[in-house]
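One structure is given below, encoded as structure tokens.
The values are calculated or read from the model by the stated rules, or taken from the named source; none is laboratory data. Everything numeric in this text was worked out from a predicted model, so none of it was measured. Glycine gets a Cβ as well: all are built from the backbone with ideal geometry, and neighbour counts include every protein chain shown.
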Amino acid sequence: MPTLAPAPSRSPFTSPETSGTGPEVRVPRIIGADAPVPLDDGRRVPYANLDYAASAPCLEAVHEAVTRALPYYSSVHRGAGYASQVTTQAYEDARETVRTFLGAWRRDAVVFTRNTTDAMNLLAHAVPSGTSVVVFESEHHASLLPWRRAVRLPVPATPAEAIDAADRALAATPAGARLLVVTAASNVTGELWPIRELAQVARRHGARIAVDAAQLVPHRPLDMTALGLDYVAFSGHKLYAPFGAGVLAGRADWLRAAEPYLKGGGASASVAETVRWAPSAEQRHEAGTPNVLGVIALAAACDALTAAGWDALAAREERLLARLRAGLAALPHVRELTLWGDRSPRVGIVSFTVTGWNARDVALTLSGEHGIGVRDGKFCAHPLVRHLLDGEGGAGCGEGAAVRASFGIGSTEEHIDRLCAALARLAGSARR
């Protein structure tokens, strides 16, 4: 089978970084790392992108992979021409790359979707009728809202409480199919959930577990097999591959038994007076011409992060996270939001409020006066943000909103320091 042209010989990494006695890190290059942005006073400064949790910038390695694929771009699976064969091979190779990246079983399905929301809605479509779903109210809406029949658990006060609550809820569900839905890393606080222990709880009750890994996989490795996970969903646009592809990976039986999520070409094995649907989960739920370039981009991001080395990337992120949290803690008018306390392990996501300031005004000021991009609002996790802001009454927060700073591969110490300095200036400024 023909293959795409080889990758260019230029290294996909920046020069090695060192920080004190920390390990050397070969950081993958991103596009737009030094892009200038205008300030309100007419000056232009390099952009400090601290909004990775919404959408991460594109890796150069991802851009190069898409560029190499474009000359042979064609429809997949049913074409006999050379370009179609090349593109089909690249598409299916990407499926295997994602399988390896997630540590999925060989027999697991890897279905390409648009994003995490699409993947979770596909799973909700495929669960057997009458399935009891248990989900925490702290979930992103993508994991909270799609289920037809769900028991919503309140936001847990500790990881141990989350495990106990899931245990009790699953024990109380009626006999039949059961599914526990949980995030791996909070998109509001960055805190890591005890997914290994929750998977063990699910198994003890004969239930399955579905994990929203959208905020974990850009920061840490994930091994579905080692953790005992049944389903994992994530998005390419948060994984440095902003070309509109996502993934649902996991056990194939429910997906094979369900009618296609979308009905159309590719999902059918034969069409006459009756329709016989394609037998494989991937074919059945990838109707129509798929987002081939998005899938190639996603696989390239998986390869680039793996090649960079997770231990070194995580250590670099931990240093930046400690710098940011220490900087925020030194500001008496800034309050960090947390589920489980200061020592809870987390990825590079921090949400906070600024006393006397509306969250939107904070974000606009950071952008217009300092060239810093952050997110403000409720982050598609309204119940969780309301819970974290309980007691503030929304005062000074923008009707119960917060500010979120999130970072990744392209972030630097200067970005962190610029944010902390800007927030320090807000204390003596009139509210916008």
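Okay, here's what the table says:
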| read-out | value |
| --- | --- |
| Count of the range 238-255 residues which are in contact (Cβ under 8 Å) with a residue 24 or more places away in the chain and out of contact with any strand residue (DSSP E or B) (no Cβ under 8 Å at 6 or more places or on another chain) | 6 |
| Residue in the range 68-82 that is touching a helix residue (DSSP H, G or I) at 6+ places or on another chain (Cβ under 7 Å), under 28 Å from S143 (Cα atoms), modelled with pLDDT of 95 or more and assigned by TED's automatic domain parsing to the domain that holds G228 present | no |
| Test: residue in the range 282-291 that is touching a helix residue (DSSP H, G or I) at 6+ places or on another chain (Cβ under 6 Å) and either assigned to a helix (DSSP H, G or I) or without any contact (Cβ under 8 Å) to a residue 24 or more places away in the chain (or both) | no |
| Tally of residues being surrounded by fewer than 21 Cβ atoms within 10 Å (Cβ to Cβ) and closer than 17 Å to Y231 by Cα across the range 249-305 | 8 |
| The range 3-60, residues that are among the acidic types (D, E) and modelled with pLDDT under 95 | E17, E24, D34 |
| The range 349-366, residues that are touching an Asp or Glu at 6+ places or on another chain (Cβ under 9 Å) and free of Cβ contacts under 8 Å to residues at least 60 places away in the same chain | F352, T353, A359, R360, A363 |
| Qualifying residue in the range 60-77 (condition: over 28 Å from the mean Cα position of the chain (by Cα), exposed (fewer than 14 other Cβ atoms within 10 Å of the Cβ) and either under 27 Å from A308 (Cβ atoms) or not hydrophobic (A, V, I, L, M, F, W, C) (or both)) | yes |
| Among residues of the range 221-273, those that are hydroxyl-bearing (S, T, Y), assigned to a loop (DSSP other than H, G, I, E, B) and modelled with pLDDT of 95 or more, counted | 1 |
| Test for R168: is it surrounded by fewer than 24 Cβ atoms within 10 Å (Cβ to Cβ) and assigned to a helix (DSSP H, G or I) | yes |
| The range 25-59: number of residues that are loosely packed, with under 13 Cβ neighbours inside 10 Å and more than 25 Å from the chain's Cα centre (by Cα) | 7 |
| Residues within the range 150-165 that are farther than 20 Å from H125 by Cα and either hydrophobic (A, V, I, L, M, F, W, C) or assigned to a loop (DSSP other than H, G, I, E, B) (or both), tallied | 10 |
| Those residues of the range 171-184 which are closer than 30 Å to R346 by Cβ and outside any loop (DSSP other than H, G, I, E, B), in sequence order | A171, R178, L179, L180, V181, V182, T183 |
| Residue check, R106 surrounded by fewer than 21 Cβ atoms within 10 Å (Cβ to Cβ) and at pLDDT below 95 | yes |
| The lone exception for A175 - which of (1) within 19 Å of G130 (Cα to Cα); (2) crowded, with 23+ Cβ neighbours inside 10 Å; (3) of a type outside the set (S, T, Y) it fails | (2) |
| Condition met for W340 (surrounded by fewer than 20 Cβ atoms within 10 Å (Cβ to Cβ), under 23 Å from the mean Cα position of the chain (by Cα) and touching a residue at least 40 places away in the same chain (Cβ under 8 Å)) | no |
| So S367, is it surrounded by 23 or more Cβ atoms within 10 Å (Cβ to Cβ) and under 18 Å from R418 (Cα atoms) | no |
| Given (1) farther than 15 Å from G294 by Cα; (2) out of contact with any Ser or Thr (no Cβ under 9 Å at 6 or more places or on another chain); (3) not aromatic (F, W, Y), number of the condition H63 does not satisfy | (1) |
| The one condition in (1) more than 30 Å from G410 (Cα to Cα); (2) not assigned by TED's automatic domain parsing to the domain that holds L389 that A301 fails to fulfil | (1) |
| Some residue of the range 395-405 being closer than 22 Å to R220 by Cα, among the small types (G, A, S) and at pLDDT 95 or above | yes |
